[in-house]
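Chemist: Okay, handing you the structure first.
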Amino acid sequence: MLNAVSRCTALLATGLALGPALAHLFELPNKIALPRDQYFVVQTIYHGWNRLGFVLALQLAAIVAVIVLSRDDPRARWAGIIALLALVCAQAVFWAFTFPANQATANWTTMPDNWDALRHQWEYSHAVGAGFQFTVLAALAIGLVARRPAEIPPR
């Protein structure tokens, strides 16, 4: 039962995390060439998105639970490990590229001279992060369908 709850929680949290990631990815072609003033106006739509950080913490905890609770099922465990590695990669990209761009622009409220380079850094790092989050979802789904079937008790 606990294993099923952890898998469900990991899938739901990953779905919730993937939504904003895909939003960033799909809007990139429409935003990347905007003039400076328009780009900064559009960036204001993200104020408050940092409140979704709890979803990433829940996602991490649930994936770790999936790995621990799948210790007797190598296929499910390895899928969980791949999901965890992809999540770590998504976070590494965020903290190495996206967050510094946010800091340099005070969350896109100031316009430094290198704003265009920061825009590219921000947009493409979000696109890479979306790819990693999709990998998390794919690994969890594969782990769910590839897991060893539970034994059916005799009648």
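The values are calculated or read from the model by the stated rules, or taken from the named source; none is laboratory data. Just so it is clear, the model here is predicted, and its values are computed rather than measured. Don't worry about glycine lacking a Cβ; one is built from the backbone with ideal geometry, like all the others, and counts go over all protein chains shown.
Chemist: All but one of (1) surrounded by fewer than 19 Cβ atoms within 10 Å (Cβ to Cβ); (2) in contact (Cβ under 8 Å) with a residue 12 or more places away in the chain; (3) of a type in the set (S, T, N, Q) hold for Q103, so report the exception by its number.
Modeler: Condition not satisfied by Q103: (2).
Chemist: Which residues, counting only those in the range 122-146, are farther than 11 Å from G80 by Cα and more than 17 Å from the chain's Cα centre (by Cα)?
Modeler: V145, A146
Chemist: Next question, about the same structure. Here is a list of conditions, (1) closer than 30 Å to P112 by Cα; (2) in contact (Cβ under 8 Å) with a residue 24 or more places away in the chain, and G80 meets all of them except one; can you say which number that is?
Modeler: Result: G80 fails condition (1) only.
Chemist: Looking at (1) within 13 Å of the chain's Cα centre (by Cα); (2) over 16 Å from G15 (Cα atoms); (3) among the polar types (S, T, N, Q), can you tell me which one Q59 breaks?
Modeler: (2)
Chemist: Next question. Quick check on the range 1-20: of everything there that is of a type in the set (A, V, I, L, M, F, W, C) and over 12 Å from L144 (Cβ atoms), which residue is farthest from the chain's Cα centre (by Cα)?
Modeler: Of everything passing the filter in the range 1-20, M1 is farthest from the chain's Cα centre (by Cα).
Chemist: Would you confirm, using the coordinates I've provided, whether R77 is surrounded by fewer than 19 Cβ atoms within 10 Å (Cβ to Cβ) and under 14 Å from A10 (Cα atoms)?
Modeler: Judged against the criteria, R77 is a match.
Chemist: To continue, here is another question. Check the range 32-55 and report whether any residue there is small (G, A, S), under 13 Å from the mean Cα position of the chain (by Cα), within 24 Å of C89 (Cα to Cα) and buried (at least 18 other Cβ atoms within 10 Å of the Cβ).
Modeler: Narrowing the range 32-55 to residues small (G, A, S): 33, 48, 53.
Checking the rest, the ones that are also under 13 Å from the mean Cα position of the chain (by Cα) come to 53.
Still in the running and within 24 Å of C89 (Cα to Cα): 53.
Subsequent filtering for residues that are buried (at least 18 other Cβ atoms within 10 Å of the Cβ) retains none.
Looking for residues that are small (G, A, S), under 13 Å from the mean Cα position of the chain (by Cα), within 24 Å of C89 (Cα to Cα) and buried (at least 18 other Cβ atoms within 10 Å of the Cβ), one finds none in the range 32-55, hence no.
Chemist: Of the conditions (1) within 20 Å of A13 (Cα to Cα); (2) of a type in the set (A, V, I, L, M, F, W, C); (3) over 14 Å from the mean Cα position of the chain (by Cα), L85 clears all except one; give me its number.
Modeler: (3)
Chemist: Which residue is modelled with the lowest pLDDT, if the candidates are limited to the range 111-150 and must be within 29 Å of A10 (Cα to Cα) and not in a helix (DSSP H, G or I)?
Modeler: Looking at residues that are within 29 Å of A10 (Cα to Cα) and not in a helix (DSSP H, G or I), I get A150.
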